[in-house]
Amino acid sequence: MTSRLHLDEDETRSAHASAASRQENVAFHGSAQELAAIARAGPRGAFAVAGLAVFVLLGLWLAFFFFIFAPRGGNG
């Protein structure tokens, strides 16, 4: 590198090495059949996490309703 304070744009690019510049760091290592099998399986994990979040949220709402709101009774 140079002792100058400001590098030219070309010099900055050549001095920086990114992990994304190597194909093995970002590419899928498998055959087309394996990729198709993964795509057919779908985002099961994402649906599981979303379902769990909804279940927990509903449980918290029901707990709030029955233990805090309902015992207080209505107004009037």
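Derivation of every value follows stated rules applied to the coordinates shown; laboratory data play no part. This one's a predicted model, so the numbers in the text were calculated from it and none came from an experiment. Here the Cβ positions follow ideal geometry from the backbone for every residue, glycine too, while neighbour counts run over all protein chains shown.
Remark: spin-label model distance A70-S18 equals 5.5 nm, labels positioned 7 Å along the Cα→Cβ axis.
Find, among the trypsin sites (Lys or Arg not before Pro) in segment 19-52, those assigned to loop by DSSP (not H, G, I, E, B) with at most 11 other beta-carbon atoms within 10 angstrom.
On the way: sites: R22, R40, R44; in loops: R22.
The qualifying sites are R22.
Expressed in units of 2.2 N^0.38 Å, where N is the residue count, the Cα radius of gyration of segment 9-72 is 2.24.
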